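Since the structure comes first, as C-alpha cells, the remarks are kept for the end.
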Amino acid sequence: MSDIGIFSTFDLMLLALIACSPGLALGAALGAWRSPGHRIRGAALYGMAGFMLAFAGWWVYLTEIK
C-alpha cells in the first residue's frame, strides 16, 4: 500500500462543508424565524448549531455505524 492520500486537507474540509451545508441552512432559517428581534444573530447561532449537529451526525455515521 502507498502512503499517498487521494484527498488533501483542503479537500476534506470542503467535503465536510458540503455535507453539512443542509444543517447550516436549516439552522439559519430556524434561527431567523425563532428570534424576530435579532434575526441575524439568531440565524448565525442556529446555523452554527445546525452545522455542528450535521457534522456530529456524519461523524457518528462514518465512524460507528458504517
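The values are calculated or read from the model by the stated rules, or taken from the named source; none is laboratory data. These numbers come from a predicted model, not from an experiment. In this analysis, Cβ positions are derived from the backbone assuming ideal geometry, glycine residues included, and neighbour counts consider all displayed protein chains.
When ALA54, ALA25 are checked against the criterion of being closer than 18 Å to LEU14 by Cβ, part of a helix (DSSP H, G or I) and out of contact with any helix residue (DSSP H, G or I) (no Cβ under 7 Å at 6 or more places or on another chain), a single residue qualifies: ALA25. Mind telling me which of the residues ASP11, ASP3 ends up being at pLDDT below 95 and in a helix (DSSP H, G or I)? Within the list ASP11, ASP3, the selection yields ASP11.
Does any residue of the range 31-46 turn out to be at pLDDT 95 or above, in a helix (DSSP H, G or I), exposed (fewer than 14 other Cβ atoms within 10 Å of the Cβ) and of a type in the set (Gly, Ala, Ser)? For the range 31-46, residues at pLDDT 95 or above, in a helix (DSSP H, G or I), exposed (fewer than 14 other Cβ atoms within 10 Å of the Cβ) and of a type in the set (Gly, Ala, Ser): absent.
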